[in-house]
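Trainee: Have a look at the structure that comes next, please.
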Amino acid sequence: MASQQPVAQTLAGKVALVSGSSSGIGAAIARELSSRGASIIINYPFASEGAPARAVLQSLATSSQSITVEADLATLEGPRRLATAASERFGRVDILVNNAGHSSFCDLSQSSDAEVQQVWAKTVNLNGRGTLLLTHAVLPILAGPPSGSRIVNVGSSTSRDPDPHMSIYAGTKGMIEGFTRCWARDLPRTYGCTVNAVAPGPVGTEALLAAEGEGGFMRTLQARKEQTPVAPRYATPKEIAWVVAALCEEGASWVNGAIIPVTGGGTLW
């Protein structure tokens, strides 16, 4: 068996903040960036997620120079708390990955006003406002020119090709696309950064695989999986993480304002 080649330390010396990184796609992004040499700020929202966050930390190639921070980005205070912790420990952030998000169903034809408002608040406060406020809080410590800092937002193919009853969630991911385009115009010359987004289709996280076969939505995802052109399967979290990390490399310095679908061709933009 051929020995595994070491990963080039192309991000050595960089500091990466990955929101919502105690599990799933966020944890995979943290591991991928760490494997390339970056120090990682792992974020989790509640004390109950502390143990998983610490497990991710211990799995990092750069665990000794990385930290975990509890901060609920759905609150008004959480984004500032996370940025302050990053500043106090590292003094700067080179890579910001806005990954934290919440997915909710809302059947507008069946839901009460109170139910719609509850889903709206829970989803928009994290996916929309949380992304905006965290970016705003990190900008003062974002490594400026000529360092080549990066902002990568995690959207969703749902914004372009939605499944039933996903209007609020899809709307928030469309908001993230809008943020990406606006920030790609507004921020690079001041902050020396690029701003891009990835838009995954269904991803085989532990949570999704545990729910497979349950309910109508999972049957919809199963149908999508079977029709994916590259192969009849879900993406792996590592496949999403690789695209995020590629956007953080020095060689991606001329990619700005892109929204990259990572769907195996299941959604063609």
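The values are calculated or read from the model by the stated rules, or taken from the named source; none is laboratory data. If you're wondering where the values come from, they're calculated on a predicted model, not measured in any experiment. Cβ sites come from the backbone with ideal geometry, for glycine too, and all protein chains shown count toward neighbours. Areas reflect the complete protein model, heavy atoms only, side chains present, ligands, DNA and RNA absent. Shrake-Rupley method; radii C 1.70, N 1.55, O 1.52, S 1.80 Å.
Trainee: Residue by residue through the range 2-40, note down the ones that are closer than 18 Å to residue 93 by Cα, in a loop (DSSP other than H, G, I, E, B), of a type in the set (Ser, Thr, Tyr) and out of contact with any strand residue (DSSP E or B) (no Cβ under 7 Å at 6 or more places or on another chain).
Mentor: Once the filter is applied, which keeps residues that are closer than 18 Å to residue 93 by Cα, in a loop (DSSP other than H, G, I, E, B), of a type in the set (Ser, Thr, Tyr) and out of contact with any strand residue (DSSP E or B) (no Cβ under 7 Å at 6 or more places or on another chain), the range 2-40 yields only 10.
Trainee: Need the failing condition index for residue 119 against (1) farther than 16 Å from residue 196 by Cα; (2) part of a helix (DSSP H, G or I); (3) open to solvent by 30 Å² or more (accessible area, probe 1.4 Å), just the number.
Mentor: The number of the failed condition is (3).
Trainee: Right, here's the next one. Could you list all residues from the range 90-108 that are of a type outside the set (Asp, Glu) and closer than 19 Å to residue 150 by Cα?
Mentor: Residues satisfying the conditions are 90, 91, 92, 93, 95, 96, 97, 98, 99, 100.
Trainee: Can you tell me which residues in the range 59-108 are open to solvent by 70 Å² or more (accessible area, probe 1.4 Å), free of Cβ contacts under 8 Å to residues at least 60 places away in the same chain and touching a strand residue (DSSP E or B) at 6+ places or on another chain (Cβ under 7 Å)?
Mentor: 65, 70, 89
Trainee: Within the range 41-55, is even one residue open to solvent by less than 10 Å² (accessible area, probe 1.4 Å) and in a helix (DSSP H, G or I)?
Mentor: Checked the range 41-55: at least one residue is open to solvent by less than 10 Å² (accessible area, probe 1.4 Å) and in a helix (DSSP H, G or I).
Trainee: Tell me which of these residue 158 doesn't satisfy, since it passes every other one: (1) at pLDDT 95 or above; (2) crowded, with 18+ Cβ neighbours inside 10 Å.
Mentor: (1)
Trainee: Follow-up. Restricting to the range 92-135, what's the tally of residues that are small (Gly, Ala, Ser) and within 22 Å of the chain's Cα centre (by Cα)?
Mentor: The qualifying residues number 7.
Trainee: Of the conditions (1) modelled with pLDDT under 95; (2) of a type in the set (Val, Ile, Thr); (3) closer than 23 Å to residue 142 by Cβ, residue 69 fails just one. Which one is it?
Mentor: (1)
Trainee: Any idea which residue in the range 225-269 is most open to solvent (accessible area, probe 1.4 Å), counting only those that are more than 16 Å from residue 202 (Cβ to Cβ) and touching a Gly at 6+ places or on another chain (Cβ under 7 Å)?
Mentor: 250
Trainee: Filter the range 10-40 down to residues that are polar (S, T, N, Q) and open to solvent by 40 Å² or more (accessible area, probe 1.4 Å) and give me whichever is nearest to the chain's Cα centre (by Cα).
Mentor: This residue is 23.
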